[in-house]
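Trainee: First the structure, then my questions, so here it is.
The values are calculated or read from the model by the stated rules, or taken from the named source; none is laboratory data. Note that the coordinates shown come from a computational prediction; the quantities given were computed from them, not determined experimentally. Virtual Cβ from ideal backbone geometry, glycine too; neighbours counted across all protein chains shown.
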């Protein structure tokens with residue numbers, strides 16, 4: 001079984017740390033501002049980033065596509081802490097022994113496809 005090599009896990013951890021640094025400077029007054037992503041506000045991007053970390057953590061932990069949490073508003077509370085929690089999960093999940101050997105089910109059963117993570 002394989003897992004992320006220390007250098008790979010470090011890259012993922014650094015990416016999460018970098019994202020946390022960016023999120024730390026965002027203020028609630030900026031949530032409704034536009035972003036370079038057409039039709040996305042700062043709030044939309046924050047929710048997407050946190051929701052994506054939770055999604056991929058769940059996928060790596062279970063091998064099954066988690067229920068969509070895309071509608072969750074992570075900006076309603078401490079979004080920095082919410083990201084830290086999900087970032088920790090995603091790094092741990094992909095660093096676990098065998099994580100990169102799992103076959104993940106990423107589509108509804110009617111369209112089920114097996115996707116190897118490596």
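Trainee: In this structure, does residue 41 turn out to be in contact with a strand residue (DSSP E or B) (Cβ under 7 Å, 6 or more places away or on another chain), surrounded by 12 or more Cβ atoms within 10 Å (Cβ to Cβ) and free of Cβ contacts under 8 Å to residues at least 40 places away in the same chain? It would help to see each step written out before you state the result.
Mentor: On the way: in contact with a strand residue (DSSP E or B) (Cβ under 7 Å, 6 or more places away or on another chain): yes; surrounded by 12 or more Cβ atoms within 10 Å (Cβ to Cβ): yes; free of Cβ contacts under 8 Å to residues at least 40 places away in the same chain: yes.
Considered against the rule, which asks whether it is in contact with a strand residue (DSSP E or B) (Cβ under 7 Å, 6 or more places away or on another chain), surrounded by 12 or more Cβ atoms within 10 Å (Cβ to Cβ) and free of Cβ contacts under 8 Å to residues at least 40 places away in the same chain, residue 41 comes out as yes.
Trainee: Exactly one condition in (1) under 30 Å from residue 102 (Cβ atoms); (2) surrounded by 13 or more Cβ atoms within 10 Å (Cβ to Cβ) is not met by residue 67; state its number.
Mentor: (2)
Per-residue answers, yes or no, for (1) farther than 26 Å from residue 95 by Cβ; (2) modelled with pLDDT of 95 or more; (3) surrounded by 11 or more Cβ atoms within 10 Å (Cβ to Cβ); (4) more than 14 Å from the chain's Cα centre (by Cα):
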| position | (1), (2), (3), (4) |
| --- | --- |
| 3 | no, no, yes, yes |
| 13 | no, no, yes, no |
| 21 | no, yes, no, yes |
| 46 | no, yes, yes, no |
| 59 | no, no, yes, no |
| 83 | no, yes, yes, no |
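Trainee: Taking only the stretch 4-38 into account, find how many residues are in contact (Cβ under 8 Å) with a residue 60 or more places away in the chain and under 20 Å from residue 72 (Cβ atoms).
Mentor: 4
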